[in-house]
Amino acid sequence: MKAAVISKFKDKLEIKDLPIPEVAAKDVLVKVHACGVCHTDLHACNGDWPVKPKLPLVPGHEGVGEVVAIGAEIHHLKIGERVGIPWLYSACGQCDYCLEGKETLCLEQRNSGYSIDGSFAEYCLAHGEYVVKVPDGLSYVDAAPLFCAGVTSYKALKVSGVKPGQWMAIVGVGGLGHLAIQYAVAMGMKVVAIDTGAEKLALAKKLGAIHCIDFMQDKPSERIHELLGGVHGVVCTAVSKAAFEESYRSVRRGGTFVLVGLPPEDMSVPIFDTVLNGIKLIGSIVGTRKDLKECLQFAADGKVKAIIEVKSMNEINEVFADMKQGEITGRIVMSMD
């Protein structure tokens with residue numbers, strides 16, 4: 001099978017011929033039809049994070065395709081069913097976090113395209129209990145980015161506790177942010193979008209944002225308090241220190257600030273204001289299998305659709321170069337068909 005492989009951090013990926021993986025008792029083999037490209041894939045290939053991925057590595061954690069082989073202990077799937085292989089490749093299933101429905105916090109988890117070879121390949125091995133079925137009516141290409149960007153955005157909104165009719169600010173109208181706006185609208189929230197540039201703000205408006213604020217022209221927190229007295233919740237998908245600080249200042253008393261983006265700097269929290277104003281700070285990482293099923297159904301119902309540019313696996317190094325330069329709108333999906 002053809003696969004994109006990184007053998008040394010910060011090198012270019014090579015398209016190689018690899019053996020098709022053999023299926024063990026709890027595995028399924030998926031013929032990959034499409035795979036989204038996430039910024040986490042770039043971080044993995046660069047070795048940017050304290051916990052390094054395995055090398056050599058086949059990246060990719062937004063792979064979708066059809067089941068072509070099933071292990072002896074997997075009984076709920078059939079050959080030919082459409083599934084996706086998310087970031088959470090597997091968890092232990094027995095720790096407090098797993099038993100409480102917080103499997104993404106499991107200390108024994110394995111991650112697709114990081115600790116386990118992922119789906120930048122024609123075939124991908126997956127844990128049969130952790131793949132999630134793709135709903136009927138949702139194409140492989142449309143489904144792929146929802147297995148990370150979609151579920152990450154949806155989960156962040158879900159944990160915010162913001163109710164229908166209340167105000168939610170989405171900071172960053174990029175790969176995650178443009179999906180977060182759609183999910184927030186579908187969940188009944190009223191949205192304020194924050195980014196810069198006429199094109200991104202026009203997109204946010206088209207996707208359902210009521211107020212759009214250009215952070216190069218206005219101080220977002222001041223504008224939000226002037227318009228609304230603060231938002232009930234904010235999801236920050238941006239990665240700059242200034243974006244996080246403005247997000248914090250935008251929340252009204254008793255509101256929630258959900259952190260999603262991973263900025264390189266350390267930041268202090270104003271403890272006095274947090275306590276006095278009853279502000280809740282929540283870190284949110286991807287989502288569980290249940291979250292994934294819910295977020296996919298929104299898309300299958302026609303309420304959410306990622307903006308997608310389709311590429312081939314042979315173009316992955318060019319995609320990463322564009323990603324480094326911030327030149328991608330929406331999400332890139334590699335079609336294997």
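The values are calculated or read from the model by the stated rules, or taken from the named source; none is laboratory data. Source: prediction; values computed, not measured. A quick note on method: Cβ atoms are made from the backbone with ideal geometry, for glycine too, and the neighbour counts reach across all protein chains shown.
Kindly indicate whether Leu107 is more than 30 Å from Ile213 (Cα to Cα) and part of a loop (DSSP other than H, G, I, E, B).
Yes.
When you go through (1) in the same structural domain as Ala180 (by TED's automatic domain parsing); (2) over 13 Å from the mean Cα position of the chain (by Cα); (3) outside any strand (DSSP E or B) one by one for Thr256, which number turns out not to apply?
Every condition holds for Thr256 apart from (3).
Quick check, is Asp273 modelled with pLDDT of 95 or more, surrounded by fewer than 21 Cβ atoms within 10 Å (Cβ to Cβ) and of a type in the set (Asp, Glu)?
Spelling it out, Asp273 is indeed modelled with pLDDT of 95 or more, surrounded by fewer than 21 Cβ atoms within 10 Å (Cβ to Cβ) and of a type in the set (Asp, Glu).
Just to be sure I understand the filter: pairs with C-beta atoms under 9 Å, separated by 6 or more residues or on different chains, first member in region 246-273 and at positive phi, second member surrounded by fewer than 18 Cβ atoms within 10 Å (Cβ to Cβ) and polar (S, T, N, Q). Which pairs pass?
Gly254/Asn277
Please go through (1) in contact with a strand residue (DSSP E or B) (Cβ under 9 Å, 6 or more places away or on another chain); (2) within 14 Å of Thr288 (Cα to Cα) for Cys92 and return the number of the only condition it doesn't satisfy.
The failed condition is (1).
Hey, could you check region 3-38 for residues that are charged (D, E, K, R) and touching a Lys or Arg at 6+ places or on another chain (Cβ under 8 Å) and say which is nearest to Pro53 (Cα to Cα)?
Lys16
Assuming Asn317 fulfils every condition listed in (1) surrounded by 16 or more Cβ atoms within 10 Å (Cβ to Cβ); (2) touching a Leu at 6+ places or on another chain (Cβ under 7 Å) apart from one, which condition is it?
Only one criterion is unmet by Asn317, namely (1).
Has region 244-251 got any residue that is in a strand (DSSP E or B) and either aromatic (Phe, Trp, Tyr) or not assigned by TED's automatic domain parsing to the domain that holds Glu327 (or both)?
Yes.
Output yes when any residue across region 321-329 is on the phi < 0 side of the Ramachandran plot and either buried (at least 20 other Cβ atoms within 10 Å of the Cβ) or small (Gly, Ala, Ser) (or both), and no when none is.
yes
I'd like the residue in region 15-41 that is within 25 Å of the chain's Cα centre (by Cα) and of a type outside the set (A, V, I, L, M, F, W, C) and, out of all such residues, is nearest to Ala238 (Cα to Cα).
The residue in question is His39.
Anything in region 313-336 that is touching a His at 6+ places or on another chain (Cβ under 9 Å) and under 14 Å from Asp142 (Cα atoms)? List them, or say none.
Matches in region 313-336: Gly330, Arg331, Ser335, Met336.
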